[in-house]
Amino acid sequence: MANTHYRMKILFIRQAITSALLCVGLLAIAPIPTAMANQITENKGQLNDLLKSIADKEKSVQEQKAKRSALLEQLKLQEKNISAASRGLHETQTQLKQLGSEITSLNSNINRLQKKKTEQEKLLSEQLDAAFRLGKHQGLTLLLKGEEGQREERILAYYSYLNQAREKNIIELEETTLELNQQKQLEQKKLVEQKTTLTRQQQEKNKLDTAKVDRQKTLTVLESTLKEDQKNLAVLKQNEARLRDKIVRAEREAKARAEREAKEAARIRAEVAQKERQAKQKGATYKPSESERSLMSRTGGLGRPAGQAFWPVRGSTLHNYGDVISSELRWKGMVIAANEGTQVKAIADGRVLLADWLQGYGLVVVVEHGKGDMSLYGYNQSALVNVGQEVRAGQPIALVGSSGGQERPSLYFEIRRQGKTVNPRPWLGK
């Protein structure tokens, strides 16, 4: 707006200069007194100074535009660095959680095996003591003494059972000891892996902190410009046009796959309907397989808005669909406040169409749901999914952030049908 105002001022000055030059030309028809000639020469000098000043100002405006453009590119790079570091940190935290669970399980197994080994050693000790008391050659001695046959058989049987039990217990003890050693080795391996992951986590956190500091420096320089952008209708319209074009390009690239899936889904729906009818005739029910259900769900669109979808994130609503931004522009989605790093969840089954940084929207994830329906999630700190990836309703797909130059962490959320934005609120549950 400031540039537009300045250009109007320049135009006014140029018109004044043109009028002055016209007057000078008219005066040139008649003889000009010396004093007037001196005045005209002085005026011409002033006009030349004004023209030079205008040229300098225009050059300054162009330089400011170039600087602003460079700063926006810098902001884009920094927010992408934040995204990469944030995603890496999230992945290492998930891995650490898994390792912690595995180590806890291993500790439990080790304690169980240690207890089992102690019991087996105690039993073996008792068996060896019993064998020692019975005597190494007890059975042969009894035979030579010619004692009663039944007693002899009982003693020999007991001696045989004792040996078998001892042999079995020795084997079990060896197996327990081997398993215990293996579990201890695995635990040591997991502990080393955990230590390495902790180091990587700290590195990712350092990267994230550094990227955030760099971003803040850029935002400080851009702050007044970015605030002006929020009031600048032309800039907002340009941002919207960029987003729309990006989505169109992404749809064009995914067109072949989308058409193939749509045809396959139509075939599956027909088969499932037939199987359901056949099952009903037999007094039974048919349940589609997970792959069938997934394909039909992610290509079947969002359906009629009836509060059936997941909230992408929980928090206070800062802006609703249709709220006024400027006299000629309104919000085309919702802005929901949430803490930085909060998981953003897909509202329904679908496939990731776009995951990229766009001016005014920051890091954006777009999920297509079939039949021309898609959901859009902006201002993210990081994306947790990649283009082409299938996602389930409620699956984390991003982390809340303030990318795109936002002043506070929040989520920008849209629903589009056939390329046009619609009020997303009716789809969301209570």
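The values are calculated or read from the model by the stated rules, or taken from the named source; none is laboratory data. Everything numeric in this text was worked out from a predicted model, so none of it was measured. Note that each Cβ is placed from the backbone with ideal geometry, even for glycine, and that neighbours are counted across all protein chains shown. Keep in mind that these areas ignore ligands, DNA and RNA; they rest on the heavy atoms of the full protein, side chains included. Shrake-Rupley method; radii C 1.70, N 1.55, O 1.52, S 1.80 Å.
Residue by residue through region 408-430, note down the ones that are touching a Lys or Arg at 6+ places or on another chain (Cβ under 9 Å) and within 28 Å of Leu208 (Cα to Cα). Glu414, the sole residue that qualifies.
Restricted to region 286-329, and to residues there that are of a type in the set (D, E, K, R) and under 23 Å from the mean Cα position of the chain (by Cα), the residue that is least open to solvent (accessible area, probe 1.4 Å) is Arg298.
Taking region 201-217 as the region of interest, how many residues are open to solvent by less than 80 Å² (accessible area, probe 1.4 Å), charged (D, E, K, R) and under 14 Å from Gln93 (Cα atoms)? Adding up the residues that qualify gives 1. Close Cβ contacts (under 6 Å, 6 or more residues apart or on different chains) running from residues in region 75-104 that are assigned to a helix (DSSP H, G or I) to residues that are surrounded by 15 or more Cβ atoms within 10 Å (Cβ to Cβ) and among the small types (Gly, Ala, Ser) comprise Gln78/Ala211; Glu79/Ser403; Asn81/Ala211; Ile82/Ala211; Ser83/Ser382; Ala85/Ala211; Ser86/Ser382; Arg87/Ser382. When Arg166, Arg154 are screened for being farther than 30 Å from Ser382 by Cβ, modelled with pLDDT under 75, surrounded by 14 or more Cβ atoms within 10 Å (Cβ to Cβ) and not aromatic (Phe, Trp, Tyr), only Arg166 passes.
Does Ala337 qualify as being surrounded by 21 or more Cβ atoms within 10 Å (Cβ to Cβ) and among the small types (Gly, Ala, Ser)? Spelling it out, it is not the case that Ala337 is surrounded by 21 or more Cβ atoms within 10 Å (Cβ to Cβ) and among the small types (Gly, Ala, Ser).
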